[in-house]
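The values are calculated or read from the model by the stated rules, or taken from the named source; none is laboratory data. Every value quoted in this text rests on a predicted model; they were computed, and no experiment measured them. Reconstructed Cβ throughout: ideal geometry from the backbone, glycine too, with neighbour counts over all protein chains shown. Accessible surface areas use protein heavy atoms only, side chains included; no ligands, DNA or RNA. Shrake-Rupley method; radii C 1.70, N 1.55, O 1.52, S 1.80 Å.
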Amino acid sequence: PAAVIIDVMLPEGPLAGLELMRQAHFHENAAVPHVVISSRNDWQARLAAVRSGAAAYLVKPVDIAALDEHLQRCTNPDLKAPYRVLVVDDDAPLAGYYAETLTAAGMDAKAITEPALLLDAMAQLQQEIVLMDLHMPGCSGIEAMRVLRQDPQFTSLPVLFVSSETSVVQQQSAMQCGAEDFLQKPISDANLIMAVTVRAERFRSLTTLIRQDSLTGLLNHVSFKLRLEVEVDRCRRSHETMSLAMIDIDHFKKVNDTYGHPQGDRVIKGLAQLLQKRLRKSDIIGRYGGEEFVVAMPNTPPPLATMILNELLERFGSLLFETTQGEFACTFSGGVAAIPPLESTASLTRAADIALYNAKHSGRNRIETYVKAD
C-alpha cells in the first residue's frame, strides 16, 4: 500500500499494531509509510511508534485534517521544492563545480563569479542560502554579505563562507559578522551537501513559521498582503486580470458557542483544506483573521472566480462535522473584485470586502461580485 493507518493496540496485545508493522518491514525488506493512531498518549506507546518508523502519532479522537496532511506528506515525498542555493566565487570552475554538485543532490543551485551581481541574482532567483568565497578581488565575502544585509528581506538569509583561510581569527571574524558557518577548503562533496542541506532546511522551516498561519498552514494576514502587492504589480505591468475573493464562514460565533472552540477550529481547518485541494497552485490563499479567508486568483476573470467559489460553497455546505451533540454543517459567504478595473491593492481589497458585506446582508451562503456605483 501507499501508506498504512494503524492503531497501537490490537486484540493481540497493547503494542501489537506496531509489532505488525515491524514484521511487515522485515518481510518486505522495506519500510511502509505508516501513521499511528491510538487512544494511548503515554511515553512507552509513543517511543514504540518512533522505533517502528511511524511518520506521525495521532491521539484519538483523530483530527481528520491533520491525518490527511500527514498522509500527503509521507506518500508524496517529492512535493517539497528543491532548496535554492546561490554560489558566489571568483574561481569560475570551482563555482561551477559546487553548483553542479548541489544540483546533482537535488537542489536548485546557480553560480556567479562577480559579487557585484549578487543583488540582481537574489532578486531574480530568490535563493534560500548563499555559499560565498571569503577572499575575492575587489570585494571580500564579508563586504558582499554586508551589502546583502542592507536589504531587510535578506537580514536572516543564511550565508556560508567557503575558503582556504586557516587563520582561526579570520574565521571567527567572518562568523561574528553574521555568517551561518565557515567551511574549510577543500571540502568533500558529501560535507558540502550536508552543510547546505541542514542550513537551508532550518531557514525554510523558520520562514514557514513566520509566514504561515499556525492553525491552517495558509499564509497569514501580513504575508498574504505582501504577496498580493507583488501580484497586483505584476498584473498591472502585464495587463492581466486577477480576481480577489474574500470569504467569511457564516454564523461562526454560533458554532463556537454551541459546540466549543475546538470544533470551531475544525471548521476553519476544514475550509482551509478544501481551498487548498480545489484551487490551483498559482492561486494565493491566506487566512485573513478569525473565520475570514482571502484568495487571489491570477488570470481569472470575476465570472470564472464566482463559478469556482459557488462550487466550493456547495462542497463546503455538504461537509458534516461530528460532535458529541450530533452532526452539524456550515456555509460561507464571499465577495469578488478584480483588477482591472481596480488598480491598487487597497482598492481591490476594499471592493472585495464590500462585495462580501453585500453577500452577508443578502442572506448569506452566497457569492457576490463587486459592482462600482454610478
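Dividing the radius of gyration of the alpha carbons in the range 71-203 by their Kirkwood radius gives 0.97 for Rg/Rh. Principal axis extents of the C-alpha atoms in the range 1-145 (largest first, rounded to whole Å): 72, 31, 25. Placing +1 on the Cβ of every Lys and Arg and -1 on the Cβ of every Asp and Glu, with nothing else charged, gives the chain a dipole about its Cα centre of roughly 780 debye. Return the percentage of antiparallel bridges among DSSP beta bridges fully within the chain, rounded to the nearest 5 %. Approximately 45 percent, going by the DSSP bridge assignments.
Computed over the chain with a Gaussian network model linking Cα atoms closer than 10 Å, the most mobile of L279, L356, L226 is L226. Label the range 144-217 by shape, choosing from rounded, prolate and oblate, from the square roots a ≥ b ≥ c of the eigenvalues of the Cα gyration tensor; if a/c is under 1.5 it is rounded, and otherwise prolate applies when a/b is larger than b/c, oblate when it is not. Note, shape of the range 144-217 comes out oblate.
Compactness check for the range 1-68: Cα Rg over 2.2 N^0.38 Å is 1.03. One chain, two ends: S282 and R149. Fully extended at 0.36 nm per residue, the span grows by 44.9 nm beyond their Cα-Cα distance. Straight-line reach from K253: taking Cα to Cα under 23 Å and skipping same-chain neighbours fewer than 8 places apart, the lysines in range are K269, K360. For the pair Y97 and A329, label points projected 7 Å from Cα toward Cβ lie 6.6 nm apart.
By how many nm would the segment from D257 to V32 grow when fully extended, if each residue of separation counts as 0.36 nm and the alpha-carbon distance is taken off? Taking 0.36 nm per residue and subtracting the Cα distance, the gain is 76.8 nm. Solvent exposure of the chain amounts to 54 Å² per residue of accessible area, where only protein heavy atoms count and the probe is 1.4 Å.
Of all lysines in the structure, the ones whose alpha carbon falls short of 26 Å from that of K110, not counting any fewer than 8 places away in one chain, are K80, K185, K281. Distant-in-sequence amide contacts of L218, defined by a placed amide H-H separation under 5 Å and a gap of 5 or more residues or a different chain, comprise D213.
Straight-line cross-link reach from K277 at under 15 Å between alpha-carbon atoms covers these aspartates and glutamates, not counting any fewer than eight positions away in the same chain: D68, E69, E311, E314. The C-alpha atoms of the range 222-374 occupy a region whose extents along the principal axes are 53, 33, 25 Å, arranged from largest to smallest. In a shell of Cβ-Cβ distance under 15 Å around L47, excluding L47 itself, what net charge do Lys and Arg (+1) and Asp and Glu (-1) give? Once positives and negatives cancel, what remains is +2.
Computed from the C-beta positions of N299 and V371 and an R0 of 30 Å, the FRET efficiency is 0.85 to the nearest 0.05. Protein-only accessible surface at a 1.4 angstrom probe places the residues E292, E322, E201 in the order E322, E201, E292, largest first. How many percent of the alpha carbon pairs in the chain exceed a separation of 33 Å? Value for the chain: 50 percent of Cα pairs lie more than 33 Å apart. Each 10 Å bin from zero up to the one holding the largest Cα-Cα distance in the range 154-277 carries the following percent of pairs: 10, 24, 22, 19, 16, 8, 1.
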